[in-house]
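Below you'll find the structure, written out as structure tokens, and then a few comments.
The values are calculated or read from the model by the stated rules, or taken from the named source; none is laboratory data. Since this is a predicted model, take the numbers as computed values, not measurements. In this analysis, Cβ positions are derived from the backbone assuming ideal geometry, glycine residues included, and neighbour counts consider all displayed protein chains. Remember, those area values only see protein heavy atoms, side chains included, never the ligands or the DNA or RNA. Shrake-Rupley method; radii C 1.70, N 1.55, O 1.52, S 1.80 Å.
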Amino acid sequence: MSPKLLHNGALASLGCAATFVFGFVLLLTQLLPYIDLQHNPEEAVKFVLENHAMLSVWNFVIYVLFGILLAIVVIVLHRQFSPDQTLLTQLSSVMGLVWVVLVIASGMLANVGLMKVVELAAVRPDLAPSLWLSVVTVTQGLGGSNEIVGGLWVLLVSAVHWQRQLYAKALSIIGMVAGGAGIVSAIPALSDLGALFGLLLIVWFIYLSRLMMGESANLADGENDET
């Protein structure tokens, strides 16, 4: 694998972590009242009308931008695994691409849906809460609060890294724990583990970026020595 490709993968992985940090910070500050209104569609619509621009930026960063950066990471990991393709490595690549599609679709749906909610609230305010509820339900079903696909991807990638000893075992352990938390968060009683999944992914993406960057530098030095 070329040092440049690994370098790009490292930057994309760091960018993925940054989108998670941005999402958590905004969620726990400016958007915390919105989360508390998830069971009150009428009040939620009022919040959307007052904070539409901020919600649009948030959705774009945590879904669309994250999905684009994730696609780069998935491609780089696929190339890294390609010398010896197995069912496990191919499945990890497939699940990674599926997650890319789901998160980008979630972001596009969320932003277009909220725009329609704002437009509807201006002419038929009585129908806006129902539309908002539909948008939120579909968005969360695709990937807004469903971490099965993402958790499975991280778990598979970490298993491959462990099996092939490509990077430090600590990276695989963090990934396996994060992946497990993401998968079981689909169980209603364990839904709070979705937050653990997100927090551990920040660490995992940063760690992966650091290791990729180091490998990229070593490969570049090796090429320079040969010349």
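Beta carbons closer than 7 Å, at least 6 apart along the sequence or on distinct chains, pair a first residue in segment 44-55 that is closer than 11 Å to L114 by Cβ with a second that is of a type in the set (F, W, Y) and open to solvent by less than 50 Å² (accessible area, probe 1.4 Å) for A44/Y34; A44/W132; V45/W132; F47/Y34; V48/W132. Every condition in (1) assigned to a helix (DSSP H, G or I); (2) modelled with pLDDT under 90 is met by A170 except one, and the failing one is (2).
One line per residue, one yes/no per condition, for (1) open to solvent by 40 Å² or more (accessible area, probe 1.4 Å); (2) of a type in the set (D, E, K, R); (3) assigned to a helix (DSSP H, G or I); (4) under 30 Å from A170 (Cα atoms):
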{"position": "R79", "(1), (2), (3), (4)": "yes, yes, yes, yes"}
{"position": "S82", "(1), (2), (3), (4)": "yes, no, yes, yes"}
{"position": "S93", "(1), (2), (3), (4)": "no, no, yes, yes"}
{"position": "M108", "(1), (2), (3), (4)": "yes, no, yes, no"}
{"position": "A122", "(1), (2), (3), (4)": "yes, no, yes, no"}
{"position": "G143", "(1), (2), (3), (4)": "no, no, yes, yes"}
{"position": "L155", "(1), (2), (3), (4)": "yes, no, yes, yes"}
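The single condition from (1) over 20 Å from L97 (Cα atoms); (2) of a type outside the set (S, T, Y); (3) open to solvent by 30 Å² or more (accessible area, probe 1.4 Å) that I148 fails is (1). Number of residues in segment 177-192 that are among the aliphatic types (A, V, I, L, M) and surrounded by 19 or more Cβ atoms within 10 Å (Cβ to Cβ) equals 3. Against the list (1) at pLDDT below 95; (2) open to solvent by less than 50 Å² (accessible area, probe 1.4 Å); (3) of a type in the set (V, I, T); (4) within 20 Å of the chain's Cα centre (by Cα), the condition T137 fails is (2). Among residues of segment 1-59 being of a type in the set (A, V, I, L, M, F, W, C) and not in a helix (DSSP H, G or I), the one that is most open to solvent (accessible area, probe 1.4 Å) is M1. Within segment 60-77, being over 30 Å from V135 (Cβ atoms) and open to solvent by 20 Å² or more (accessible area, probe 1.4 Å) holds for one residue alone: I75. I need the full set of residues from segment 124-141 which are among the aliphatic types (A, V, I, L, M) and either in contact (Cβ under 8 Å) with a residue 12 or more places away in the chain or not in a loop (DSSP other than H, G, I, E, B) (or both), in order please. Correct list: A128, L131, L133, V135, V136, V138. The set of residues from segment 1-32 being among the aliphatic types (A, V, I, L, M) and in contact with a helix residue (DSSP H, G or I) (Cβ under 8 Å, 6 or more places away or on another chain) comprises M1, L5, L6, A10, L11, A12, L14, A17, V21, L26, L27, L31.
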